[in-house]
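Each remark here refers to the structure printed beneath this line.
The values are calculated or read from the model by the stated rules, or taken from the named source; none is laboratory data. Here the structure is a predicted model, which means the values were calculated and not measured. All Cβ positions, glycine included, derive from the backbone under ideal geometry; neighbour counts span all protein chains shown.
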Amino acid sequence: MVRFLSPSLSASASGVAYTLSQHDAIASTIARRLKTYLVLTRTFKGPVHALAYSASPGTYILTGSADRSIRLYNPFPSTSVPGEDRHGVPQGRLIQTYSAHGYEVLSLAVAADNERFVSAGGDRSVFLWDVSTAVTTKRFGGNVHGHTARVNCVSFAGDGDSLIVSGGFDTSVRLWDTKSSSFKPIQVLDDATDAVTCLAVRGPEVLAGSVDGRVRSYDIRMGKLTTDVIGAPVTSLSLTRDGRTVLVGSLDNKLRLMDRDNGSCLRAYTDPAWKNEDVRLQALLGGKEKYVMVGDAMVGEPAPDGQGRIWVWNLLTGKVAAKVTVPWGPQGFEAKKKAVGRDGKEKVRSNIVSCMAWREDGWGDQFCVGGTSGVVTAYGAL
């Protein structure tokens, strides 16, 4: 079934029982609190492309970056970390580094038991890791049965997280059985006509967003496919907890909250000053589904200090609740703010916040963001 986008705006967008006055009261304090509580967790070489919290209670943060490494951090250690005073802000504690990728790491997902996680990127393979030993227990792909181009997104699925779902630049979605001795996918979903950029999984349902402007919802158990036509390339998906609605990010300067029952747009989130037509920005629902949050492509003249920005909208009203500055890095942290552009001239780069994660899938009291600078900023106490 194919459904074309139609607006049907409603203040009860996701069935969340909050009044508009309650949302406005909460929104009035969000900017102040976000600027008050932060720690900065540093990676080393190149942008951060992927972030994931450990499963509940979400004590740790995994980072994946262009330097081919995955790092596990405690963002709020109980004891001080060397270098904290030098940078002037609290520093997260590096717990473990995971090295096996030969190319950039683009996506991460953590199993509910916190004993395993999965990663993917430019290797065209999916890596299943043992957290404690820091070794890969399985690798899916890298052969005739795997993805033929980079893997953009991964997620766990199935009972006991026994399945892995991956989506790639080769336009396919592949399902892998972690308990099987076979390294062939158990199913290949090849309906997309362009790169698959993002996934969302809930029970037997797999949602896949693609550059072809479609969100495809697969009910694996029933063998049913529903396609919602967004139009612009889709770069981000975030399901509400009840699964009835999904936040869709696309390259037309808009985020949309979509009703999964009928395919209508319940609310659109946009602003004349927020532009995104070129960069894959991850958007999410946070604050117990009170807020919609996304980074900024920083179109136009970059800030002299390279700072980036987070945009926060009120879920129900669609109004901007906060615009939060994200520094390039801690004071004294001089990363490569300058780069040579296509015209051969040196330019100052902005910190494009392209990935983010919220503790306990949006219901915790902490979130983190990362991007161009290679620094992960964690915010708490909302």
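Numbers for the structure displayed
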item	result
Cross-chain or 6+ apart pairs with Cβ under 8 Å, segment 362-382 first and charged (D, E, K, R), then not in a strand (DSSP E or B)	365/359; 365/381; 365/382
Selection count where residues are outside any strand (DSSP E or B) and in contact (Cβ under 8 Å) with a residue 24 or more places away in the chain, scope segment 149-159	2
Within segment 351-381, considering residues that are in a strand (DSSP E or B) and of a type in the set (Gly, Ala, Ser), the one farthest from residue 291 (Cα to Cα)	371
Any strands (runs of 3 or more DSSP E) falling wholly within segment 170-286 and containing at least 2 residues that are within 25 Å of residue 369 (Cα to Cα) and not hydrophobic (A, V, I, L, M, F, W, C)	196-202, 205-210, 234-239, 245-250, 254-259, 264-269
Residue match in segment 261-274 (condition: in contact with a Lys or Arg (Cβ under 7 Å, 6 or more places away or on another chain), surrounded by 17 or more Cβ atoms within 10 Å (Cβ to Cβ) and among the polar types (S, T, N, Q))	yes
Only one of 70, 26 that is at pLDDT below 85 and either part of a helix (DSSP H, G or I) or buried (at least 16 other Cβ atoms within 10 Å of the Cβ) (or both)	26
Criterion: among the aliphatic types (A, V, I, L, M), buried (at least 24 other Cβ atoms within 10 Å of the Cβ) and farther than 24 Å from residue 364 by Cβ - qualifying residue of 234, 229, 188	234
Single condition residue 222 does not satisfy, out of (1) touching a strand residue (DSSP E or B) at 6+ places or on another chain (Cβ under 6 Å); (2) farther than 22 Å from residue 106 by Cα	(1)
Matching residues, segment 114-156, being of a type in the set (Gly, Ala, Ser) and crowded, with 18+ Cβ neighbours inside 10 Å	119, 120, 121, 122, 125, 141, 146, 155
Candidate set from segment 191-220 (those that are within 16 Å of residue 244 (Cβ to Cβ) and small (Gly, Ala, Ser)); member that is surrounded by the most Cβ atoms within 10 Å (Cβ to Cβ)	200
Considering residues of segment 338-366 that are modelled with pLDDT of 90 or more, in contact with a Leu (Cβ under 9 Å, 6 or more places away or on another chain) and not aliphatic (A, V, I, L, M) only, the residue nearest to residue 76 (Cα to Cα)	358
Residues (assigned to a strand (DSSP E or B) and β-branched (Val, Ile, Thr)) located in segment 287-299	292, 294
